[in-house]
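The values are calculated or read from the model by the stated rules, or taken from the named source; none is laboratory data. None of the values given here were measured: they were computed from a predicted structure. No Cβ is skipped: glycine too gets one built from the backbone with ideal geometry, and neighbour counts run over all protein chains shown.
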Amino acid sequence: MVPIGGELSRRKLAVELGMSILPVSEALQRLQNEGIVESQPRVGTRVRVPTAVDVRERYEIREALECQTARLFCRHAKSADLAEVLKAAKQVDALYSRCFRRTENDPDFLYLVQDTHTRFHFHIAEVSGCLALRTMLEANQVLTFNWLYYVAARRPALPARFHSELAEALCARDEEAADRAMRAHIRFGLENVINCITPELVAAAAAR
C-alpha cells in the first residue's frame with residue numbers, strides 16, 4: 001500500500017499489474033478526480049496529503065452515510081445478519097487489541113486490521129438494502145481507509161469492546177439508539193487522526 005504522500009509511477013504500476021499504461025493512467029485520473037491522488041507538472045503523481053479540513057469533511061460525509069445505514073440495518077436485518085455483525089465486531093475488536101499492544105505493526109497486519117474493519121462497516125451497509133447508499137459509502141471509505149491505515153499504529157487504544165458495543169446497539173433494533181451509537185462511533189478519535197497526519201508528514205511529502 002502506497003503511504004500518504006507516496007509517489008506513483010504509471011510505468012511501474014503498469015509493470016506490476018501486468019497491463020498497459022493506458023488503463024493505469026485512466027485509473028489514476030479517476031483517483032485524482034476523487035481527491036485521492038494529485039499530479040503536478042515536473043513533480044509527478046502522488047497520494048494526496050490531506051489537510052485537517054479534508055479529514056473533517058470526509059468524516060462528516062461518513063457520519064451522514066453510516067448513521068443512515070444504521071437506521072436501515074435496524075429495519076431490515078434478519079436473525080442471521082444480527083449474528084454475523086456481532087461475530088464480525090468481535091473479530092475487529094480482537095485485531096485492534098493486537099494492534100494497540102504494538103506487537104503487530106507490520107504493514108500486512110495493519111492492512112488486515114483496516115480491511116476487516118472496513119468489511120464490518122460495509123456489511124452493515126449491505127444489510128441496509130440500499131445499494132446506492134453502500135456505493136457512496138464505499139467511495140468515501142477509500143480515503144478514510146488510507147488515513148486510518150497510516151495512523152493505526154500511532155493512535156491511542158480503542159475501548160476494549162468498541163465495535164461490539166456498536167453491533168449490540170444495532171442488534172437492539174432501536175433506530176434512534178443505533179443512530180446515536182453510530183454517530184459517537186464515527187466521531188471517536190477524529191482529532192487524533194487529524195493530529196497523527198502531522199506537519200512533518202506534509203513537509204516530507206512536499207520535499208519528495
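Per the conditions (1) assigned to a helix (DSSP H, G or I); (2) surrounded by 13 or more Cβ atoms within 10 Å (Cβ to Cβ); (3) of a type in the set (D, E, K, R), the sole criterion not satisfied by residue 26 is (2).
Please find, among 128, 79, the residue that is closer than 19 Å to residue 171 by Cα and touching a Leu at 6+ places or on another chain (Cβ under 9 Å). The unique qualifying residue is 128. If you go through region 175-189 one residue at a time, do you hit one that is touching an Asp or Glu at 6+ places or on another chain (Cβ under 6 Å) and at pLDDT below 95? Yes, because at least one residue in region 175-189 is touching an Asp or Glu at 6+ places or on another chain (Cβ under 6 Å) and at pLDDT below 95.
If the condition is being surrounded by 13 or more Cβ atoms within 10 Å (Cβ to Cβ), part of a helix (DSSP H, G or I) and modelled with pLDDT under 85, then region 95-110 contributes 99, 100, 110. Here residue 90 clears all of (1) over 15 Å from residue 169 (Cβ atoms); (2) assigned by TED's automatic domain parsing to the domain that holds residue 124 except the condition numbered (1).
Just to be sure, is residue 85 of a type outside the set (Gly, Ala, Ser), in contact with a Phe, Trp or Tyr (Cβ under 7 Å, 6 or more places away or on another chain) and closer than 29 Å to residue 167 by Cα? Criteria not met by residue 85. Filter region 50-85 down to the residues that are at pLDDT below 95 and assigned to a loop (DSSP other than H, G, I, E, B), then identify the one that is nearest to residue 141 (Cα to Cα). Step by step, filter region 50-85, then rank; the result is 50. Scanning region 173-199 for residues that are in contact (Cβ under 8 Å) with a residue 12 or more places away in the chain, within 19 Å of residue 125 (Cβ to Cβ) and in a helix (DSSP H, G or I) yields a total of 9. Against the test of being at pLDDT 90 or above and on the phi < 0 side of the Ramachandran plot, the options 47, 151, 127, 142 yield a single qualifying residue, 127. The residues listed here are 96, 111; of these, the one that is within 18 Å of residue 140 (Cα to Cα) and out of contact with any Gly (no Cβ under 8 Å at 6 or more places or on another chain) is 111. Reported count of residues in region 30-49, each being farther than 19 Å from residue 118 by Cβ and part of a helix (DSSP H, G or I), is 3.
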